[in-house]
Amino acid sequence: MVELGRDALLAALARMDDEGWARRLLLSRRLAERTPSMGAHGLQFCEATTQEALAILHRRFGLGAPGDLRPRLAVDMLVAAFHGAVTGWVAQADDAAGGVSGIEPPTTDDLADRLREAVAALPGSLALTVTPR
């Protein structure tokens, strides 16, 4: 199911071929980092989007029976992967803006690549083990 969500996000990113979109995303992320109310609004929007995704999964695929946390957890993992991808993408933009040698401003394709990497890392993240020191 996470792959279905990944593919849907990648399809949406592919439709964002206007690099102005990438610039607007970057600026909005920077503004949200400096403005707590915008960050809170972003979290609220993310939760509303998550709820809509769960409703679609229930309607189209019959997922999400009462008490079944798996669809919610899968969507939450996908959202976390997307946030991780965007965070790395913004850092790349900051490095490019700061004149770090060899760093180009990121594109929508770069964000898609980061999303693929983040989703691919999900199974390994669930298998992480730690040993107390």
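Computed from the coordinates by the stated procedures, all read-outs in this text should not be read as laboratory data. Just so you know, these numbers come straight off a predicted model, no measurement behind them. We place every Cβ from the backbone using ideal geometry, glycine too, and count neighbours over all the protein chains shown.
Residues considered: Arg15, Arg114, Arg60. Largest GNM mean-square fluctuation over the chain, using C-alpha springs under 10 Å, is found at Arg60. Once the chain from Ala91 to Arg23 is taken as fully extended at 0.36 nm per residue, the excess over their C-alpha distance is 23.1 nm. Round to the nearest 10 and give me the degree value, 0 to 90, for the angle of helix 36-61's Cα axis relative to the longest principal axis of the chain. The angle comes out near 40 degrees. Given a Förster distance of 30 Å, report the FRET efficiency between Glu104 and Leu126 from their Cβ-Cβ distance, rounded to the nearest 0.05. So, using R0 = 30 Å, E works out to roughly 0.35.
What angle, in degrees between 0 and 90 and rounded to the nearest 10, separates the Cα long axis of helix 2-15 from the longest principal axis of the Cα atoms of the chain? That works out to roughly 40 degrees. With a cut-off of 18 Å on the backbone N, the residues of segment 1-23 near the modelled label site 7 Å out from Asp68 along Cα-Cβ are 1-5. Its Cα centre serving as origin, segment 2-124 has a Cβ charge dipole (Lys and Arg +1, Asp and Glu -1) of approximately 420 debye.
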